[in-house]
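Peer 1: Dropping the structure in here first, questions after.
Here, each number is a calculation from the coordinates, and none is a lab measurement. Keep in mind that this is a model prediction, so the values were computed, not measured. Cβ atoms come from the backbone with ideal geometry, glycine included; neighbour counts cover every protein chain shown.
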Amino acid sequence: MSKNEWPLWEVFIRSKQGLSHKHVGSLRAADAQMAVENARDVYTRRSEGISIWVIESKDVYASDPTEADALFEPADSKVYRHPTFYDVPDGISHM
Amino acid sequence: MKDFDTAELERKFQEKIDKDIKIEPKDWMPDDYRQTLIRQISQHAHSEIVGMLPEGNWITRAPNLRRKAVLLAKVQDEAGHGLYLYSATETLGADREQTIDDLHSGKAKYSSIFNYPTVSWADMGAIGWLVDGAAIMNQVPLCRCSYGPYARAMVRVCKEESFHQRQGFEIMMQLAGGTPEQKAMAQDALNRFWWPSLMMFGPNDAESKHTAQSVKWKIKRHTNDELRQQFVDVTVPQAEMIGLTIPDKDLKFNAETGKYSYGEIDWTEFWEVVKGNGPCNKERVDARRKAKENGEWVREAANAFAQKRALKKSA
């Protein structure tokens, strides 16, 4: 890698008001402003977005996939968090 | 991870693939899977980028403003597709600049079709119709590829490609329905691009050394010959509809199978072009290398400006 290679940015797009920003991919740019401008050209050529977030890829801290089982196990074992865990007698409505 | 041996990891990996669970960047994957993907995705990215050159050749000479706007939009899409794909290679740990330098040094390949010259306006029609048509045949199954970032990039690419093919067919249709000279121009473009388009699917299955493993890993869902047959079957009736003739005297419809049988592909020509001896190989790579060299000062200046702005902000 030469010293002139631009840093890598992760791009998030809000497709319309009311929806959250969603990761769409990454690109290279010298700074945040250029990353937004490039993201406009690379990821929204067909009106896919109304708002763009960019974050330098090196600043993303991600969970380790090899530890995913242990990390998410607590959620798997608590079936009582879901409404289907409970019996509701016939005739009861609005619940 | 160190608790498992590689064989166990590989077994679990294949189990995920068999269950159609996508592989994501930080997941464990066999080194060969990673290398195969880097090779394939970077070749694909290079093809998109080099593919801008034969069409860029006609932007300033498009016959009218509508055609010019359409061609510009198409070439801009190809640039976008290249960028989606380069960023997918980076998720596998490939360095982007190294990837690009491999194209320039000749180490990495790109689709041979772009080593043919575009000598008339009708070639813009033939490329959109045939070359993008063949690319779509190849790319649609890749939307279900086992590697998540590649599959997602292909979904975007396929959505955008369908206009590329239609605009090419429109050009051909209009020329074919025009004056005798215009029709001859369309036929000539079809004559020159037909066989190279069939070659785009790669060597025959018996000669294709990567196919079996790629199918097992669900990087590839169909063999080269299957896709080529599909392309012939859909394209021949389109040519007939607009009154053009496929340049293959052995082309025959088999009513029993509903498929066309076609003549022998000139594989000597294919391998010559792959090896770098096609009509435009040198010109294409030179143009890319020059683009990188001539842009060096821009990248340097942008970095210097970014640093200056960051300093100002922190002061």
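Peer 1: Say we join alpha carbon atoms closer than 10 Å with springs in a Gaussian network model of chain B; which of B:D205, B:D123, B:D27 then has the biggest fluctuation?
Peer 2: B:D27
Peer 1: Same structure, new question: Project the alpha carbons of chain B onto their principal axes and report the range along each, largest first, in whole Å.
Peer 2: The Cα atoms of chain B stretch 68, 55, 33 Å along the principal axes, largest first.
Peer 1: Going by amide H atoms built from the backbone, whose H comes under 5 Å of the H on B:K259, apart from near neighbours?
Peer 2: Here the answer is B:N254, since their amide H atoms fall under 5 Å of that of B:K259.
Peer 1: How well do other chains shield peptide A:22-30, expressed as the mean number of their Cβ atoms within 10 Å of each residue Cβ? Let's see the in-between values first.
Peer 2: Details: counts 0, 1, 5, 10, 9, 6, 7, 2, 11.
The per-residue average across the peptide is 6.
Peer 1: Let me ask something else. Given the -39500 (n - 2.57) contribution per DSSP H run of 4+ residues, what per-residue ellipticity at 222 nm results for the protein assembly as shown, rounded to the nearest 500 deg cm²/dmol?
Peer 2: Working: 15 runs with 224 residues, N = 410.
Helix contribution divided over all residues of the protein assembly as shown: -18000 deg cm²/dmol.
Peer 1: Next question. First select every other residue whose beta carbon is under 12 angstrom from the beta carbon of A:R14; then total the charges, Lys and Arg +1, Asp and Glu -1. Kindly include the intermediate steps, with their values, before the conclusion.
Peer 2: Working: positive: A:K16, A:K22; negative: A:E48.
With Lys, Arg at +1 and Asp, Glu at -1, the net is +1.
Peer 1: What FRET efficiency, computed as 1/(1 + (r/R0)^6) with R0 = 45 Å and r the Cβ-Cβ distance, is obtained for B:K282 and B:K308, rounded to the nearest 0.05?
Peer 2: Working: r = 40 Å, r/R0 = 0.88.
With R0 = 45 Å, the Cβ-Cβ based efficiency is 0.70.
Peer 1: Provide the packing ranking of B:184-190, B:161-167, i.e. peptides ordered by the mean count of other C-beta atoms within 10 Å per residue, highest first. If you can, show how the numbers build up before the last one.
Peer 2: Numbers: B:184-190: 21.4, B:161-167: 18.4.
Highest mean packing first, the order is B:184-190, B:161-167.
Peer 1: For the protein assembly as shown, just the Cα set please: Rg and Dmax, both in angstrom.
Peer 2: Calculated on Cα positions, Rg and Dmax stand at 24.5, 80 Å.
Peer 1: For region B:263-315, what are Rg and Dmax over the alpha carbons, in angstrom?
Peer 2: 21.5, 71
Peer 1: May I ask you to derive the FRET efficiency for B:N64 and B:V236 from their Cβ-Cβ distance with R0 = 45 Å, giving the value to the nearest 0.05? Before the final figure, lay out each step's value.
Peer 2: Numbers: r = 30 Å, r/R0 = 0.67.
It comes out at approximately 0.90.
Peer 1: Let me ask something additional. Pop a pseudo-label 7 angstrom from the Cα along the beta-carbon direction at both B:E8 and A:D64 and give the gap in nm to one decimal.
Peer 2: The two pseudo-label positions are separated by 1.6 nm.
Peer 1: Can I ask one more? Between rounded, prolate and oblate, where does region B:1-159 land on the alpha carbon gyration tensor, with a ≥ b ≥ c its root eigenvalues, rounded for a/c under 1.5, else prolate if a/b exceeds b/c?
Peer 2: Details: a/c = 2.99, a/b = 2.23, b/c = 1.34.
It is prolate, given that a/c is not under 1.5 and a/b is the larger ratio.
Peer 1: Decide, for region A:8-61, between rounded, prolate and oblate: order the square roots of the alpha carbon gyration tensor eigenvalues as a ≥ b ≥ c, take rounded if a/c falls under 1.5, and otherwise choose prolate if a/b is larger than b/c, else oblate. It would help to have the intermediate numbers written out before the result.
Peer 2: On the way: a/c = 2.26, a/b = 1.39, b/c = 1.63.
Oblate shape, in that a/c is at least 1.5 and b/c is the bigger or equal ratio.
Peer 1: While we're here: Using a 7 Å offset from the Cα along the Cα-to-Cβ direction at both B:D225 and B:D18, what is the distance between the two label points in nm, to one decimal?
Peer 2: 2.7 nm
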